[in-house]
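The structure appears below as structure tokens.
FYI, it's all coordinate maths here, none of it is from the lab. Computed from a predicted model, the values in this text were never measured in an experiment. Because the Cβ atoms are built from the backbone with ideal geometry, glycine has one as well, and the counts that use them run over all protein chains shown.
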Amino acid sequence: MAAPDPSWSVAIFGRNEAASIGACIAALALAAEGRSLHLTILLNGTTDGSHREASLALRRCGLPGSIHAIAEADKANAVNQFIRKLRPEAETYFFVDAYARVAPDALRHLAQALLDHPGAQAAAAVPSTGRSAARLRAAMIRHPGLHGSLFALRGGFVARIAALGLGLPVGLYRGDGLLGSFVLHDLDAAQGGWHGERIAVEPRATWAAPQLQPWRWRDWRRQWQRLIQQGRGRLQWAAIRARIYPAGFGALPVDADACVLQSLDAVRPPRLWRDPFAALALARMRHAPSRHSLTPRLLSEWNI
């Protein structure tokens, strides 16, 4: 595990977010003003100039941090690498997507939520922008969970995840949902129960994200890929739930897509007419090259 020993540690995850990552870091610097903060930036499968923009932003803001370029374009794998190898010691860990701009008081509200709710191991922020933001906020308050753009975990809980050797299956879409399940079950899916109070949802902690524009071709393409990824996630979660209930998190697969393909002997594949995006995702899984190594290759590392 890396040094130093800040009270707050932020992990930023991004793929080709050169246009957004500088604003993300600047917003975090403002939100952490007066507190000890360390940033670990994980660029997974990035081919643009994200590392240069991140390095410039760290220097402008005067924040200590490290930047890691990982070959695999997989956030789940990057989360595992942060928890297992790259995180500094910290009292609170914040997980942030590189496109998100956190509100100036968001980190403080999340940290305070953990202080106010000693039985909680995580604090969840809610979105402030987007057509579905209000609906998502209401759903998170009714049914506590984590949204990958911004949430916090207690340092001790992250250490327990690492000590137990738990990790997200590589290739898993929306791994924050599984991290939320870790919290709600207190790392024991077999005997730990499901208790919503283990996640403190803090409506005052928010973030903003760039909005997709219908007249931009790249945004149409991004939305199409997102819909296929959502279909992929539906298949992955069905296969993973069948493993961890009642066997527990120790039964988690290493590879989420391989788990889906292995489960097709017992589960009927999705029909194109019923769930077209899941069917498209399944076709991609079947034709994807096999993973030669589940150990990520660290391409570059910069310490600021």
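At q = 0.19, 0.29, 0.32 Å⁻¹, what is the base-10 log of I(q)/I(0) for segment 83-133 according to the Debye formula with one equal point scatterer per Cα and no solvent? Please give it to two decimals. One equal scatterer on each Cα of segment 83-133 leads to -0.80, -1.24, -1.30.
Remark: ILE67, ILE228 ranked as ILE228, ILE67, counting other beta-carbon atoms within 10 Å and listing the fewest first. Measuring r between the beta carbons of LYS85 and ALA26 and using R0 = 30 Å, the FRET efficiency lands at 0.65. Going by neighbour counts of Cβ atoms within 10 Å, the residues GLU202, GLU89, GLU72, GLU197 line up, fewest first, as GLU197, GLU89, GLU72, GLU202.
For the pair ARG222 and ARG204, the difference between a 0.36 nm per residue extended length and the Cα-Cα distance amounts to 3.6 nm.
For the pair LEU164 and GLN191, label points projected 7 Å from Cα toward Cβ lie 1.2 nm apart.
With R₀ fixed at 41 Å, the C-beta to C-beta distance from TYR245 to GLU33 puts the FRET efficiency at about 0.40.
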